[in-house]
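Read through the structure below, which is laid out as structure tokens, and then see the notes.
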Amino acid sequence: MKIFVLVKEVPDTYGDRKLNLETGLAERSAGDVVLDEITERALEVALSYADKNPDAEVVALSMAPESSTASVRRALAIGAASAVHIADEQLAGADLGLTAEVLAAAIRRGGADLVITGNLSTDGSGGVIPAMLAEHLGFAQATALSAVEISADSISGTRAADAGAQPVSAQLPAVISVTEALPDARFPNFKGIMAAKKKPLEVLSLADLDASADPAAAPRTIMTAIAEKPPRAAGVKITDEGDAGNQLVEYLVQNRLV
Ligand SMILES: Cc1cc2nc3c(=O)[nH]c(=O)nc-3n(C[C@H](O)[C@H](O)[C@H](O)COP(=O)(O)OP(=O)(O)OC[C@H]3O[C@@H](n4cnc5c(N)ncnc54)[C@H](O)[C@@H]3O)c2cc1C
């Protein structure tokens, strides 16, 4: 079974995240970057299956700037057998639609039985790439899974719904996305880091893919406005002189918080 896991480098949520006020794009070099934790969890789901099924091949796939090689290598150090990195200047600032089209073309080229992704990235937070991919590939989709069972020809799992847990299952080929309820990824050890240097890492450009996507065409997503986040205003301090409860209620009502 060939499993593609989508991995994505994102600005570290513990650091300052900045937007370029002219382009509206994230300043990806403004601070530290990390492999998105949710994509590491997706990788762990694939590796846990591969541990018990030696015929399973796990490929990490990323569409990211050239500078993201270290993050792609981290996926190899964690345990992916090989990686595909789509790096092309024409894709800088790609929107959700273009991203899904290009990722789907790379998956089609590699031939996958199963695609595993995070449910939502911590930078764009679009949360729709997995569904878009399934549509492009003509695969079944089971998104936002908090538990996953993979077998030779199907997947099953649980999706948290408002009123409880929804059991879902699908025949392969399928695209699944996982939530933070799934376990953390294993930590890359020294042996894994050394092995990662020798594992295949294929770097592709848009021209290598059979993608009809044309980044130069009119943008599909149009940004209408962008502004710096206003500085945080000082909070209101309530000193209890016997009427703190009332003051609190007034504050909540005035600010339409109840
Ligand atoms: C070189 C480059 C630069 C970009 N710069 C910006 C920018 O500055 N500002 C901006 O707003 N957008 C930028 N984008 C687009 C953005 O990063 C997202 O890839 C895209 O919009 C998908 O949105 P999302 O991650 O919110 O999707 P979601 O649907 O939230 O992602 C769900 C899951 O899909 C997978 N996934 C998503 N994107 C990728 C990817 N690119 N590669 C591999 N797996 C992925 C991950 O597993 C993720 O957990 C850039 C894209 C590229 C390729």
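The values are calculated or read from the model by the stated rules, or taken from the named source; none is laboratory data. What you see is a predicted model; the values in this text were computed from it and never measured. Methodologically, a virtual Cβ is constructed for each residue, glycine included, from the backbone with ideal geometry; neighbour enumeration extends over all protein chains shown. The area values use the complete protein model at the heavy-atom level, side chains included, leaving out ligands, DNA and RNA. Shrake-Rupley method; radii C 1.70, N 1.55, O 1.52, S 1.80 Å.
Who wins for biggest fluctuation among Arg220, Arg74, Arg108 in a Gaussian network model of the chain, springs between alpha carbons below 10 Å? Greatest mean-square fluctuation among the candidates belongs to Arg220. Here the range 28-122 is treated as a sphere whose radius is the Kirkwood value from Cα pairs; by Stokes-Einstein at 4 °C and 1.567 mPa s it diffuses with a coefficient of 91 µm²/s. Placing pseudo-labels 7 Å out from each Cα toward the beta carbon at Leu257 and Ala234 gives an inter-label distance of 1.8 nm. For Lys198, the lysines whose Cα comes closer than 27 Å to its Cα, not counting residues fewer than 8 places off in the same chain, are Lys2, Lys8, Lys52. Normalised per residue, the accessible area of the chain is 58 Å², obtained with a 1.4 Å probe and no contribution from ligands, DNA or RNA. Once the Cα-Cα distance is subtracted from the 0.36 nm per residue extended length, the Leu25 to Ser146 segment shows a gain of 40.5 nm.
So what's the projected area for the range 2-208, the Cα convex hull averaged over all directions, in nm²?
Hull-based average projected area comes out at 11.8 nm².
Does the range 151-258 come out rounded, prolate or oblate, given a ≥ b ≥ c as the square roots of the eigenvalues of its C-alpha gyration tensor, rounded meaning a/c under 1.5 and, failing that, prolate meaning a/b above b/c?
prolate
You can think of it this way: the chain between Phe190 and Arg220 has 6.4 nm of extra reach, that is 0.36 nm per residue less the Cα-Cα gap.
Here the Karplus curve 6.51 cos²θ - 1.76 cosθ + 1.60, taken at θ = phi - 60°, turns the phi angles of the range 178-190 into couplings of 10, 9, 6, 6, 6, x, 4, 6, 5, 8, x, 8, 4 Hz, with x standing for Gly and Pro.
Surface calculation, 1.4 Å probe, protein heavy atoms: Leu103 sits at approximately 10 Å² accessible. Listed values for the range 57-69 are Karplus-derived 3J(HN,Hα) couplings in whole Hz (6.51 cos²θ - 1.76 cosθ + 1.60, θ = phi - 60°), namely 10, 9, 10, 8, 10, 9, 10, 7, x, 4, 5, 8, 3, and x replaces Gly and Pro.
Accessible area, 1.4 Å probe, largest first: how do Tyr49, Tyr14 sort?
Tyr14, Tyr49
DSSP bridge analysis restricted to the chain gives an antiparallel fraction near 40%, rounded to the nearest 5. Residue-normalised convex hull volume from the C-alpha trace of the range 86-186: 125 Å³ per residue. Please give the net charge around Glu101, taking every other residue with its beta carbon less than 12 angstrom from that of Glu101, where Lys and Arg add +1 and Asp and Glu add -1. Overall, the nearby charge balance is -2. Using a Gaussian network model on the chain with a 10 Å cutoff between Cα atoms, which of Asp95, Asp113, Asp240 fluctuates the most? Maximum fluctuation in the GNM of the chain, among the listed residues, is at Asp240. Among Ala94, Ala225, Ala174, which one moves the most in a GNM of the chain with springs linking Cα atoms closer than 10 Å? Comparing Ala94, Ala225, Ala174 in the GNM, the peak value goes to Ala225.
Two numbers describe the Cα atoms of the range 124-181: Rg and Dmax, which are 11.3, 33 Å. Couplings 3J(HN,Hα) for the range 11-25, derived from phi with the Karplus relation 6.51 cos²θ - 1.76 cosθ + 1.60 (θ = phi - 60°), are x, 4, 5, 7, x, 6, 10, 10, 9, 7, 6, 8, 8, x, 8 Hz, where x marks Gly and Pro.
Ordered from highest to lowest accessible area with the whole protein assembly present and a 1.4 Å probe, Glu101, Glu228, Glu22 read as Glu22, Glu228, Glu101.
Straightening the chain between Gln247 and Ala181 buys 19.9 nm, computed as 0.36 nm per residue apart minus the Cα-Cα spacing.
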